[in-house]
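Notes for the one structure printed next.
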Amino acid sequence: MRVLIVDDEPLAQTALANVLSARSDVEHFDSANDTVEALEKLATDSYDVLLLDINMLDLSGTELVDQLRKRHFPLPSIVFVTAHVEHAIAAFEKHTVDYELKPFSNESIGEALDRASRRAKGERAAKLIEALPQLQSRPPYPRIAIKAKGRILLINPGDVVVVRAEGNYVSLQRESDSYLLRESISVVAEKLKPYGFIRIHRSALVNTSFVVEIKPYPTGKYGLRVKGGKEYAVTRGYKRRTSNPSRNSGSVAVSSLWNSHLLDAAWT
C-alpha cells in the first residue's frame, strides 16, 4: 500500500508518518505540505490511499479532490483527517472511505487505513477485470511468421501465454515451448494488443485468455496467475495502463500489419 499524507500541520504529519512507519503493509509513503505539492506528487506517482486534511491555506482537501477529478487523475481511497466535524457530510461525497477527527488515536487511524486498504485492493482488481478484453470481440487470430533455427514457423498468437523481453530479443512462450524473435517488446505489444495481450511490466506481456486468477498483494501490487500455475506480478508503472484496453480491438490496420509479416517473414 502506498500512501500520501497531505497536511499543513507538521505535528499531524509526524503523527501520521509514525503510524504508517509501524505498518508492514505500507510499501511507501510521502508527505505534502499543501495541495499544490500534493498535485505535483500525484501527477508523477500513484498512491492507494490519501490521508487528507480539509482546512489548508491554498485549497481545501475537498477542492483538491475536485481538481483530481477535473485532471482525470486516478483517485486514491481517501481518509479525511481534520479537526472540523462540520465538513463531514461534504467529505463523504468525495469518494471518502473514512473521516478521522483531530486529535486522533493511532488505533482509529489504523482502522481507517485497514478499510482504505481493502477498498483499494477491490478497486484494483475491478479495474483489471474491466480491462480484460472480451474473447468474442477479438478478431480471428492470424498466423505470424517467425524465423527460428533457420526455419520459418507460423505461430498462432492465441497459443502464446506470455511474451518476455530478453536483451535484443523477445521470447514468445507457449504452454509447451518458446521461440525467440529479434524485435523490441514495445513493437510486439502494439501488434498483440488487439488479441487480448496486456503489458504488465516493461519486459512482459500476458495473454488474458490464460489468466485464471487476480491476486492483490499487501504491498499494493497484484499478480496474475495463468493456466499451468505460473504467477506474474503487475508492476506499479503499468497498473494504470491495464485500465485502458485497446479502443479498436478489430483494427484492420493491425491485422494487415500481421499479414504483411506473414507474407515477407519480416520477424527475423
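No lab work stands behind these numbers, since they all come straight from the coordinates. This one's a predicted model, so the numbers in the text were calculated from it and none came from an experiment. Because the Cβ atoms are built from the backbone with ideal geometry, glycine has one as well, and the counts that use them run over all protein chains shown.
Observations on the model:
- Cα gyration tensor shape for the range 11-79, rounded if a/c is under 1.5, else prolate or oblate: oblate
- Listed cross-link partners K193/K227; K70/K193; K193/K230; K70/K191 are compared with a 23 Å cut-off, the Cα-Cα value being larger for K70/K193; K70/K191.
- Ranking of T62, T82, T44 by neighbouring Cβ atoms within 10 Å, starting from the fewest: T44, T62, T82.
- Remark on A32: its backbone amide H falls under 5 Å from those of I5, V6, D7, a criterion applied only to residues 5 or more positions apart or on other chains, H modelled at 1.01 Å from N.
- A simple count of charges around N106, restricted to other residues whose Cβ falls under 14 Å of its Cβ and scoring Lys, Arg +1 and Asp, Glu -1, yields -2.
- Inter-probe distance in nm under a simple model that places probes 7 Å from Cα toward Cβ, at S176 and E111: 5.8
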